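Below is one structure, written out as structure tokens; the observations come after it.
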Amino acid sequence: MAIETIRSPNLGRGLPPGQKYVRNFPIYDITAARPLFDPEAWRFKAWGAIEEPLELTWDELMNLPTVEVEADFHCVTKWSKQSLRWRGVPTAEIVDRVRPDPEAVQVMAHCLEAYTTNLPSEYLRFEDSILAYEMGGKPLTPNHGAPLRLLVPQLYAWKSAKYVNGLEWQTDWRPGFWEQRGYHMIGDPWDEQRYWEPIEKVRAWWRKVRVAKVERPGDEDP
């Protein structure tokens, strides 16, 4: 059966302000050691302000409907990748299964290495938002968040959480990992929603992260 290909609306919006396209693919993590993936033990969970909590094995997730998404990818640090192709499960499929509470305003993505990021719940209904397990026609590598990455092309890339294994619906606005450190609660690239706090404070924190060597050498184009 042919896989539906979706062209993200971000392809028609042009390069966001302050961004530039790059050929390499810079890699960022919040810890020096990447999480290990055991397909037998791994579980994807959805919980919080929803009617039907969900837990899926890796095989069960792989049996859900699949789409391909072509989208640009915009990092808050001002680089962008052009027209990447991803494959995965539409997040709208998860939304339909769990039936969120009408009072839910945001979703917190949870990841294997304890990273979190929040985003407005409506973004998970967008047709170009997926749980991605392939990029460029190949399985995701650890550099890019294997086994599973939340892809939300219409927001800055820190919202596209690597190593994702859970989604929590919430009825109030709570900051995730980077949002607690000064990054924007929404993160729209075309509105340049980069930071809440003075950039000097964010840069000081990021220098500490770089000392810990969690910024990895960039990949070549996939």
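What to note about this one:
- The order of Arg87, Arg23, Arg7, Arg34, going from fewest to most other C-beta atoms within 10 Å of their C-beta, is Arg23, Arg7, Arg34, Arg87.
- Within a Gaussian network of the chain (alpha carbon springs, distance under 10 Å), most fluctuating of Leu64, Leu124, Leu167: Leu64
- Three-way shape call for segment 40-90 based on the alpha-carbon gyration tensor, with the a/c threshold at 1.5: prolate
- Answer label for Rg and Dmax of the Cα atoms in Å (calculated), chosen among [x] 17.0, 48; [y] 16.5, 51; [z] 16.6, 54: [y]
- Put a plus charge on the Cβ of each Lys and Arg, a minus charge on the Cβ of each Asp and Glu, and nothing anywhere else: the dipole of segment 4-215 about its Cα centre is then about 1300 debye.
- Going from the fewest other Cβ atoms within 10 Å to the most, the residues Ser129, Ser8 appear in the order Ser8, Ser129.
- Pairs exceeding 22 Å between alpha-carbon atoms, taken from Lys81/Lys162; Lys45/Lys81; Lys81/Lys159; Lys20/Lys208: Lys45/Lys81; Lys20/Lys208.
- Note on Glu4 and Arg207: with the Förster distance fixed at 41 Å, the Cβ-Cβ geometry gives a FRET efficiency of about 0.40.
- Overall shape: oblate for segment 88-212, with the ratio a/c of the largest to smallest alpha carbon gyration tensor axis at 1.5 or above and b/c at least equal to a/b.
- Radius 13 Å from Cβ of Trp58, net charge of other residues (Lys, Arg +1; Asp, Glu -1): -3
Rule-based calculations on the coordinates, nothing more; no lab input. Computed from a prediction, not measured in an experiment: that's the story for all the values here. Using ideal geometry, Cβ is built from the backbone for each residue, glycine included, and neighbour counts are taken over all protein chains shown.
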